[in-house]
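Single-structure report; data block below.
The values are calculated or read from the model by the stated rules, or taken from the named source; none is laboratory data. On a predicted model such as this, the values are computed, not experimentally measured, just so you know. When we count neighbours, we look across all protein chains shown, and the Cβ atoms used for this are built from the backbone with ideal geometry, even at glycine. Ligands, DNA and RNA are stripped out before the accessible areas are found, and what is left, the full protein with its side chains, is counted by its heavy atoms. Shrake-Rupley method; radii C 1.70, N 1.55, O 1.52, S 1.80 Å.
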Amino acid sequence: MIFSTQLLRRLHIFYLVSLLTVIEVYPQSETHRTENWITNSGVARLEHSNGYTMLTGFFDKVGPYTGSTALTDLVTGSTVDTSMPKVHGDVYLTISDGTGGWYVSGFFDAIDTVKIRNLAHIKADKTVDRTWKPNPDNSCTALLVSGTTLYVGGYFNTIASQTRNYIASFDLTTGNLTTWNPNANNAIQAIEVSGSVVYVAGYFSAIGGQARSGLAAFTTSTGAITTWAPAVVGTFSYNIRSLAIDAGANAIYIGGSFTAVNGLPRVNLAKINLATGALVTAWTANTNGYISKIKLSGSTLFVAGGFTLVNGITRNGIAAVNTTTGTLLSWVAGLAASDWVDDFIIVGNTIYFTGYFTTIGASARNGLAAVDATSGALSAWAPDPNSSVSSLAANATNIFLGGYMNGMNWVNRPDGFALFDDATDQAWPFQFDLNGGVVYTIAVKDNILYIGGQFSAINKSARRNLAAIDLATGNVLPWNPNVFGLSTTDPDVYVSSMEIKDNLLYIGGKFYAVNAVTTVRPGLAAIDLTTGIVNAWNPSVGDGKTTDQFVLSIDITGNTVYAAGSFALLGGSQPRSNLAAVDATSGAILSWAPVSNGTVYKIKVAANAAYVVGEFGNGIGGSIRLHRVAALNLTNNNVTAWNPDFVNGDVNDIAIGGSDLYVGGYFDSVAVAPRPGLASFDLASGSLNSWNPDAGSNSDGGYDINALTTSQTKLYISGSFDYLGLEQRTSYGEYEICPATPLITDNGSILSTTATGNLQWYENDILVPGATSQTFEINPLEYGVYSVSVTDAGCTIFSDDFVYLITPTEMTLNGQLKLYPNPTRDEIAISLPASSGPVEFTFRDMMGRTVKTIEGTGSEHHISVREFESGPYLLSIESQGRTQVRKIIKLN
């Protein structure tokens, strides 16, 4: 039903008011994207063109972010489940929980979005156990599940909010810390259980109130320390890293770094009586380097570590000895003398191990390998982590890895060049041989990738600094302009920037000629995209005789080519100080001529200004700009008033996306607003946006952003950062660029928004089917809360809420009310102006029904909402004939 404005005035029963939503919404996403691939090392330069993003730098692999654990296939080593929770930090130890899940320990702060520190349980359903957060204050290096008990050892002093020095245990039925408290005086490295006794090893000299030299035993029933006390001596005090129990032989094997046991020489490996602690003197298997891990398999003891000799016989990193005699077996895994092994597990008749090595025999293996436990033959299992793996665990079908990596089985990009496809969030599937060259810039049109840089060949086909690649096949196309220096062999030549306009590729760089050395086009040129022939457009950077003057960046707006770089002349005789504007058709040098006292590295042009980055601390456009960034008027040669203070640093790069300017660099804040290394400004007003992204947010000062680029929907960043949010993503990241927050206006019973795109209206937080236009008709006799969303390229932004009330009183309180917390679980605290006097609080649900009414006096109030169902409510506050309304959210 449509109601006239006159009728509504006659009724005089309604008002419409805008309220802020509980969660503030920004024009850009502050949270990084999690879908995109990343690199294994630094990224120096970024550029986006028509759906593809170029990365160049010091990396040689790219791939998806996995966190520091991975579940791999038992046979092939391929990553089998990318939905596993992602651990953000270093993992030192992984073990099976026996029910399909895993325990992980190390140095980390979160898993997925769950804040949890250093020790966690990943359940069989691939979720983090949120009810169990022991949060030890340091790493755990020993984990053992025995029955309903989890034993934990390591370097911690506090766990589950209680003091436990280096060792503790948990009841797996309740998840609670037990009262068992051996109170060691140094780190625990290994824990094993045999029958009713738990054996522990490490660096300690006292535990359970008794002196012990790195080995001790406790009863499982009472937790009391036993009299079992082998005396272990080492160069570095006690250093026992691994235990293996042979219950049938009534023996325990110890491995580590030591020189004697019970007064007798034993170097790094020994066999001890399980009951008495006496050394088994007939068994000797000395190594010339430390032992990191030992495990039993039948009558064979496998030992691993950093050694090259066992009993004086060559064995590198891993070996097998007889459990009865200590005799070295003939089994060999194929490691080299410089290799070592950190951890291994035995599954069936296969030994999976991790350490420092790049080959096994003649086969490439990147720190992970599997060999036959009988023959030593290498298996096909070959995961490829992008950093080292420290621990392995297994179930019936998978090997679970933990370490220092954040990606697995990535694809090679050996020339430090990668192209990411926006459509797939993955790397373009092809790579090409740059013959030692480098790509600086790209442009994409009609399924063709144009690359410019400093190279002499692509896939062994001669291409001088400019080439075209078929995006569908990866093949180099015949298009071959050739960009030269003063000669055809001049090596000091490059293309640094490219833009496409119509059917021309405009290029800027350090070069002298295009097509042939006689076709002189210093620093700037325009090339036909079909033929590769350079046209007559020739602004002629520099003196026309050398390449000492050059262009580093170009941007095209309308019919004007803007150029920035290191030059003093254009057109042979017209003075220009590192900045210039050129007619894109005629090549005429335009009058725009700001003076920069130093090289300008980047120029991006908006509707009202040209934004530049460079070395112009001594002056640009008639003023001083200390932070390497400035905005220049397009109608004169002066800088604009825009001059943000980037505190404790400078700007490295800029990019324009939508209505915003993005600025990256090394700085702490913009004036008093914290913005570590990354900020955005409104292009129309020049004001700093409230956007404060999560780049480097979990690191210690790691926020140096060195390069930026944008597409219509995303911001791409690179730099020296360690984290994006909670995730340990280094060097590269992406953010959504969302549409602006839609605004709602009212005209009687019609709500309107000027936002365009994919619109959707909501009533009482419920989507209204079919309500997708710029207007929405409401019923003025019904109570309601309305909002509209706009979606573009997968990014959705909601308007502020409009609350429609049926009431005879108009709201006049203006921002004097404070209400918190919101959302809330238990109660709402409300602070009113001191002169409020009597006040009435009315809670209504989204249908306008009164849920609760409270009366009071004064300015401070606390109201319980425990009895409310979860969901949104409206709180009306009436005092002295005035009303104010707030939306609140009740949580369970």
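Across all Cα pairs in the range 323-470, the calculated P(r) in 5 Å bins from zero up to the longest distance comes to 2, 8, 14, 15, 12, 10, 10, 9, 8, 6, 3, 1, 1, 1, 0 percent per bin. Apply 1/(1 + (r/R0)^6) to the Cβ-Cβ distance of THR473 and ASN288, taking R0 = 60 Å, and write down the FRET efficiency to the nearest 0.05. For R0 = 60 Å, the calculated efficiency reads 0.65.
In percent, how large is the relative contact order of the range 45-121, given Cα pairs closer than 8 Å and 6 or more residues apart?
Relative contact order here is 18 percent.
Size of the range 167-319: Rg and Dmax of its alpha carbons, in Å, are 15.3, 50. Its residue count N sets the reference 2.2 N^0.38 Å, and the alpha-carbon radius of gyration of the range 499-623 equals 0.99 times that reference.
Restrict the search to the range 560-641; then list the chymotrypsin sites (Phe, Trp or Tyr not before Pro) that DSSP places in a loop and that have at most 12 other Cβ atoms within 10 Å of their Cβ.
Within the range 560-641, no chymotrypsin sites (Phe, Trp or Tyr not before Pro) qualify (loop, at most 12 other Cβ atoms within 10 Å).
Return the FRET efficiency for the residue pair THR745, ASP125: r is the Cβ-Cβ distance, R0 is 45 Å, and the value is rounded to the nearest 0.05.
My answer for the efficiency is 0.40.
Maximal additional length on extending the SER161-SER221 stretch stands at 19.2 nm, based on 0.36 nm per residue less the C-alpha distance. Annotation note: GluC sites (Glu not before Pro) in the range 832-892 located in DSSP loop regions with a Cβ neighbour count of at most 14 within 10 Å are GLU867, GLU869. Take the alpha carbon gyration tensor of the range 258-384, find the square roots of its eigenvalues, order them as a ≥ b ≥ c, and report rounded if a/c is under 1.5; if not, report prolate when a/b exceeds b/c, else oblate. Since a/c reaches 1.5 and a/b is larger than b/c, the shape of the range 258-384 is classed as prolate. Here ASP342 sits with roughly 60 square angstrom of accessible surface, probe radius 1.4 Å. Shape of the range 839-883 from the C-alpha gyration tensor: oblate (a/c of 1.5 or more and a/b not above b/c, with a ≥ b ≥ c the square roots of its eigenvalues).
For the chain, the convex hull spanned by the alpha carbon atoms encloses 218 Å³ per residue. Using a ≥ b ≥ c from the Cα gyration tensor of the range 661-729 (square roots of the eigenvalues), is it rounded, prolate or oblate, where a/c under 1.5 gives rounded and otherwise the larger of a/b and b/c decides, a/b for prolate? Here the range 661-729 falls in the oblate category. Placing a pseudo-label 7 Å from each Cα along the Cα-to-Cβ vector at THR791 and ASP137 gives an inter-label distance of 4.9 nm. Once backbone amide H atoms are built at 1.01 Å from N, VAL438 has GLN454, PHE455 as its partners under 5 Å, excluding neighbours fewer than 5 places away on the same chain. Evaluated at q = 0.24 Å⁻¹, a Debye calculation over the C-alpha positions of the range 134-202 (equal weights, vacuum) places log10 I(q)/I(0) at -1.06.
Between ASN637 and GLU840, the simple label model (points 7 Å from Cα in the Cβ direction) yields a spacing of 7.2 nm.
Using equal-weight Cα scatterers in the Debye expression, the normalised intensity of the range 608-737 in log10 at q = 0.16 Å⁻¹ is -0.75. Applied to the range 867-883, the Karplus parametrisation 6.51 cos²θ - 1.76 cosθ + 1.60 on θ = phi - 60° returns per-residue 3J(HN,Hα) values of 7, 6, 5, 5, x, x, 9, 10, 10, 9, 10, 10, 8, 6, x, 10, 10 Hz, with x for Gly and Pro. Computed on the Cα atoms alone, the convex hull of the range 396-500 gives a volume of 153 cubic angstrom per residue. Using a simple spin-label model with pseudo-atoms 7 Å out from Cα toward Cβ, THR173 and ALA278 lie 4.0 nm apart. With contacts taken as Cα pairs under 8 Å at a separation of at least 6 residues, the chain carries a relative contact order of 10 percent.
Starting from the Cα-Cα distance between VAL114 and SER573, subtract it from 0.36 nm times their residue separation and give me the gain in nm to one decimal.
Between VAL114 and SER573, full extension yields an extra 158.9 nm.
Exposed loop sites here mean trypsin sites (Lys or Arg not before Pro) with a DSSP loop assignment and at most 11 other beta-carbon atoms within 10 Å; the chain contains its longest site-free run at 1-459.
With N as its number of residues, the range 33-144 has a Cα radius of gyration that, divided by 2.2 N^0.38 Å, comes to 1.26. The residues of the chain have, on average, 39 Å² of accessible surface per residue, using a 1.4 Å probe with all protein chains present. Taking each residue as 0.36 nm, the span from ASP372 to THR300 lengthens on full extension beyond its C-alpha to C-alpha distance by 24.6 nm. Too long at a 28 Å Cα-Cα cut-off: which of LYS460/LYS501; LYS604/LYS714; LYS501/LYS602; LYS133/LYS887; LYS126/LYS271; LYS714/LYS818? Listed pairs above 28 Å: LYS460/LYS501; LYS133/LYS887; LYS126/LYS271; LYS714/LYS818. Estimated from helical segments only, the mean residue ellipticity of the chain at 222 nm is 0 deg cm²/dmol, where each DSSP H run of four or more residues counts as -39500 (n - 2.57). Amide H contacts under 5 Å for TYR804: GLY784, VAL785, TYR786, restricted to partners 5 or more places along the chain or on a different chain, H placed in the peptide plane at 1.01 Å from N. When you filter the chymotrypsin sites (Phe, Trp or Tyr not before Pro) in the range 188-239 for DSSP loop state and at most 11 other Cβ atoms inside 10 Å of their Cβ, you are left with PHE236. What the phi angles of the range 282-292 give under the Karplus curve with 6.51, -1.76 and 1.60, with θ = phi - 60°, is a coupling list of 6, 10, 9, 8, 7, 10, 9, x, 5, 9, 9 Hz, glycine and proline written as x. Within the accessible area of the chain, the carbon and sulfur atoms contribute 50%, probe 1.4 Å, all protein chains present.
If one puts a single equal scatterer on every Cα of the range 445-508 and applies the Debye formula without solvent, what log₁₀ I(q)/I(0) results at q = 0.16, 0.23, 0.28 Å⁻¹? Rounded to two decimals, the profile gives -0.52, -1.01, -1.31.
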